[in-house]
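Written out below as structure tokens is the structure these notes cover.
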Amino acid sequence: MLRETIYHWSLKTIQGFMLALGLMWAGTALALDAQGDITTNTTWGEDVQLTGVVTVKAPAVLTISPGVTIYGNATTALIIERGAKIMAIGTPEEPIVFTSNSISPTRMDWGGLAINGYAPINNAGAFSCPGNPPNAVGEAGMGEYGGCDPHDSSGILRYVRIEYGGYRMDGENEWNALTLQGVGDGTIIEYVQCHMNSDDGIEFFGGTVNARNILNSGCADDHFDWTNGYTGKAQFIVAHKADDDGDRGIEGDNLKADNVAQPVSHPTVYNMTLVGNANIPDGGGEGILLRRGSAMTLKNSIVTGFQKAAVDLDNEATFVGINTGDLVIDNCIFYDNLDGQNFNADESDEEGYTPTVTTGDFITSIMSYNRVVDPGLASTSFQSPDLRPDMFSPVFAGAAAVPADGFFVENADFIGAFDSEYDWTKGWTSFGGSLPRIPVPTGFHEYWYYPQNYPYTSANPSLSRPISFGCMDRGELDIRIGLHSFASPMDIYCGLMLPDGIIYTIGENMQIRGLSDMQPWKRSQTHSVYENILSGSGFSWPHGLYAGFVMAVPAGTNVATMGMDACGYFWGFLLAL
């Protein structure tokens, strides 16, 4: 009897061990299974395995915690319905990742993420607002979209990576990594990477949504695609083509069936870097193709390395924008496209129409400030990318003033998505690299300049840049401080530095004090901190007021991160006491 008991216990132990190995091999077998419709507010606080197409139904809100990975197989995808929301807010240390469930991931392993909204579109036939709002149906079963609210909100994507998607769901239509259909500008899309997708990286079907700090890499079709009346804004945008496949950097359309349909597609983009690849077997496509009446304002951008034209304009309705001022591509740098020729002879234009000006003449003569010159990027290799220009690069001259409209970061006085020092892709994207860290202070009264989330323009710690006015308009001001490497209990000081160099400290109960009467923000701290020090609701930061945040900590402490949760566009300093 005893022998039998021991035998069965041993067998169960072995079976359990084998089961554990099987779960490890399965990779995501322990992940939460998500399938069907989500009809109530739901939080994914652990890794998730998608089964089939998962749809968040209005008015439900899907919240995804930092560090969560969502795995997909063929035929799986996630759809956010009109009126529903996704709140996917990762961090640089813990991004949210949508990826393949395969142990050897590749393009087309799963579908993608589609978000639908109530913002204006132009592909819904006759409509009137508010009585008869536009309504369209997305391809591949992505849902209905469109409406009359340009400020509609579908939630937040921040520090999110979407990779190895593009499955052909219905035998005809492939999924983009991120599809935005009629999405309004109340939605926040920033710090998002779309990587190795079989179709487009991001495609905008109408809508007004803005996007910032976007990296699209290795997509087999276009990296940025829009149609159906898209009129949003974008800044700090990167398209980087892989060695094996890829088409255009930008493919911009208005409406195929009616090139002058209203609203006309007209995005406004600043600080973009588009990088082609000479290793693609068929050469790939153009850097920028605008057609079917699409307008565009593109400034302070780089287009390099595309084996077809840097810019190609098609269709009469598109060329009309040159005369009306709706088509502007200026203060840009073009280099080494089309074997150094950069612009073609517009041979692909529609039959029966001959433009009165070539695309090359438009870019180099009608526009005033474009240049054909080497931007001096550190490395355009897809295997080891570093798209920052060297400090002597021509990108630091000739930039246009950035609009002061509350969305754009105004002091980006350089061309392209990066300056020579700060790389905002590091840490949370598949491009790899470590997050920037402030050096550990070794003496008293050492100031360390630290740009957290945005390429800066000056390393002078006595001055600081304005907080983004647009974020203040939204009433969102969450300032987080991250500290690491506590060797022993210590007091931590936090404060504000004004342009005249005067520092005010913030105490335990948020009291504002001078340096002569400073009190700790955290006393006898023994563990890492990453929390809000200030939250504002309805708070309005005066436009043009400059202020920088400072930390005061004992020598030997490493300040790892300083960030503003709402948008992160400020200068940070460390004052070692």
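The numbers here are math on the coordinates, done by the rules we state, and not lab data. Here the structure is a predicted model, which is why all the values come from computation and not from measurement. All Cβ positions, glycine included, derive from the backbone under ideal geometry; neighbour counts span all protein chains shown.
Calculate the spin-label point distance for ASP47 paired with SER381, positioning each point 7 Å from the Cα along the beta-carbon direction, and give it in nanometres.
About 3.1 nm separates the two model spin labels.
Could you rank the peptides 103-113, 387-397 by their average count of other C-beta atoms within 10 Å per residue, with the highest value first?
103-113, 387-397
Write down Rg/Rh for the range 62-371, rounded to two decimals, with Rg from the C-alpha atoms and Rh from the Kirkwood relation over Cα pairs.
My calculation puts Rg/Rh at 0.96.
Would you mind checking LYS85/LYS426; LYS233/LYS299; LYS57/LYS85 for any pair whose Cα atoms are more than 19 angstrom apart?
Exceeds cut-off: LYS85/LYS426.
Just to confirm a number: summing +1 for Lys and Arg and -1 for Asp and Glu over residues other than TRP110 whose beta-carbon lies under 14 angstrom from that of TRP110, what do you get?
-1
Order the peptides 59-69, 327-337, 351-361 from the highest to the lowest mean number of other Cβ atoms within 10 Å of their residues.
Result, highest mean first: 327-337, 59-69, 351-361.
Using Cα centres only, tell me the gap between the range 293-347 and the range 383-438 in whole Å.
Rounded to whole Å, the Cα centres lie 22 Å apart.
For the range 159-298, with the dipole built from +1 on Lys and Arg beta-carbon atoms and -1 on Asp and Glu ones, taken about the Cα centre, which of GLY276, LEU298, HIS223 lies farthest toward the positive end?
After comparing all options, I get LEU298.
With a point put 7 Å past each Cα toward its Cβ, work out how far GLN341 is from GLN35 in nm, to one decimal.
Rounded to a tenth, the inter-label distance reads 5.5 nm.
Between ALA397 and LEU515, what is the label-point separation in nm under the 7 Å Cα-to-beta-carbon projection?
3.9
Rounded to whole Hz and in sequence order, give me ³J(HN,Hα) for the range 64-78 from the Karplus expression 6.51 cos²θ - 1.76 cosθ + 1.60, θ = phi - 60°, writing x for Gly and Pro.
Using θ = phi - 60°, the values come out as 10, 6, x, x, 6, 10, 10, 9, x, 10, 3, 6, 9, 6, 10 Hz.
Explain nothing, just compute: Karplus ³J(HN,Hα) = 6.51 cos²θ - 1.76 cosθ + 1.60, θ = phi - 60°, for every residue of the range 242-257 in order, whole Hz, x for Gly and Pro.
7, 6, 9, 7, x, 10, 8, x, 10, 10, x, 10, 8, 9, 4, 6
Hey, if you drop one equal point scatterer on each alpha-carbon of the range 381-424 and run the Debye formula without solvent, what base-10 log of I(q)/I(0) do you get at q = 0.15, 0.19, 0.22, 0.23 Å⁻¹?
-0.44, -0.65, -0.80, -0.84
Percent antiparallel among DSSP beta bridges with both residues in the range 62-371, to the nearest 5?
Here the antiparallel bridges make up roughly 5 percent for the range 62-371.
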